[in-house]
1. Which far-off residues, 5 or more places away or on another chain, put their amide H under 5 Å from the one on ILE135, with H placed in the peptide plane?
2. Share of region 41-192's accessible area from carbon and sulfur, percent, 1.4 Å?
3. Quick one: go through region 107-125 and flag any residue whose amide nitrogen is under 15 Å from the point 7 Å out along the Cα-to-Cβ line of ALA154.
4. Each residue of region 232-248 in turn: what ³J(HN,Hα) in whole Hz from Karplus with 6.51, -1.76, 1.60 and θ = phi - 60°, glycine and Pro shown as x?
5. What distance in nm separates the two pseudo spin-label positions at PHE194 and PHE143, each 7 Å out from Cα along the beta-carbon direction?
6. For region 138-224, what size does the Cα cloud have along each of its three principal axes, sorted from largest down, in whole Å?
7. What number comes out for the charge environment of HIS144, summing +1 per Lys or Arg and -1 per Asp or Glu over other residues with Cβ under 12 Å away?
8. Name all residues of region 133-156 having a backbone nitrogen under 16 Å from the label point set 7 Å from the Cα of GLU185 along its Cα→Cβ direction, giving them as ranges.
Amino acid sequence: MRTRTLVALLTSVIGGLAVVGGGAFGARAGIRGQRAASQRVVDMLPVHADWWRERLQHEGQLTYLAIGDSAAQGVGATAPGRGYVGLLARRIRHRSRMSVRVVNLSVSGSTTWGAKQDQLPKLRNYTPDVCTVSIGANDIADFHPDKFERNIRAIYGAVPSHAIVAELPCMFVPDRERKVAVANEIVHRVAGEFGLTVAPLHVITKRVGLRRTFFNSYGDLFHPNDRGYEIWASAFEPAVDARVDTVAAIRHYLSAREAEDLGSEAGAVASARAEQDNEHAEELEHGERPGRVERLRQRVTGAIPLPVRSGEPEHDHDHDDDDEHDDQQPHANKHVQAQGAPAPDTDEPGNGTGTGTGHDRPHAPAHRAEPDGQHGGVGGAA
């Protein structure tokens, strides 16, 4: 009995040591992998920065400007263009059917203070049609609400009134999430004061969940990978689509001078004119169609108009009736003359001896040409 107990105890101890050893080995391997991934991230930074810097030379009909940190640079994706900025640029191009110039002012590792110092001075050189701001995740490590709000207020006050600003993403660690909640409250409050649109990045990343977020992250467990950046882009897409539609309406319904004079109200004016056009189009469309009662009456009575073939002239019944009336009138006159007019007398009308009156027969012309060799009177027969 004692032997069995000792064997069971020894087996349990060995199994526990094996589990602990396996866990320690796995944790050590994970730490090594994370360090290697972090080193790869460091190697990515200059490559991504050069890639976006080269894109500044490309011209486009629309200008998309991004302010942010390494996430805006696309660090962690397989290519810089697979970050959320590249995905949004592609969406803008497809929706507007115009070429897009991307001005990515973001800097890897930037905080709100760094964006205020380095990126805002460059913003003055551009007039973007679409602008996104995603900054503040790097502030959480050393978070001070007062400083964060001061910097956020400076950034939001400098960007265009149509800019789209993002919440801080969900970080799933309780201590960090408490700081993120305070930061996002500041983001919403200051954005509301400046009338800016807020992209619900925290809501969407939290909805994805911890497990999917783990698989949607790069090896350093901080930056997103390609799938993670698609989720980030989805947080901006509704607001970006609305802004692209507004820009299209401004260019269609307003001149450059009107848009400049109206300023931030240009979008509202252009959208109102677009809605008026849509209403007029719907009125015309519904005005040309018969109503339900009329369509029912046509079906019951069989009075459904036949479609006119292309190339055939329309039949004008009014003109046909007039032509028919004109054709019948001469026949009627001839019939009356044949039955009601008396036979002409032998006396000439010029002698005054005829028995018929002027109303009974047609008058002869006053002068007639006589044949050669005959000299008759005025009323002589030819």
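1. Here ALA166 satisfy the definition.
2. Carbon and sulfur: 50 percent of the exposed surface of region 41-192.
3. 110-124
4. 4, 4, 5, 5, 8, 4, x, 5, 5, 4, 5, 5, 5, 5, 5, 4, 4
5. If labels sit at PHE194 and PHE143, their model points lie 2.1 nm apart.
6. 36, 26, 18
7. -1
8. 143-150
The values are calculated or read from the model by the stated rules, or taken from the named source; none is laboratory data. This is a predicted model, so every value here is computed, not measured. Cβ: placed from backbone, ideal geometry, glycine included. Neighbour counts: every protein chain shown. Side chains included, ligands, DNA and RNA excluded: accessible areas come from the protein's heavy atoms. Shrake-Rupley method; radii C 1.70, N 1.55, O 1.52, S 1.80 Å.
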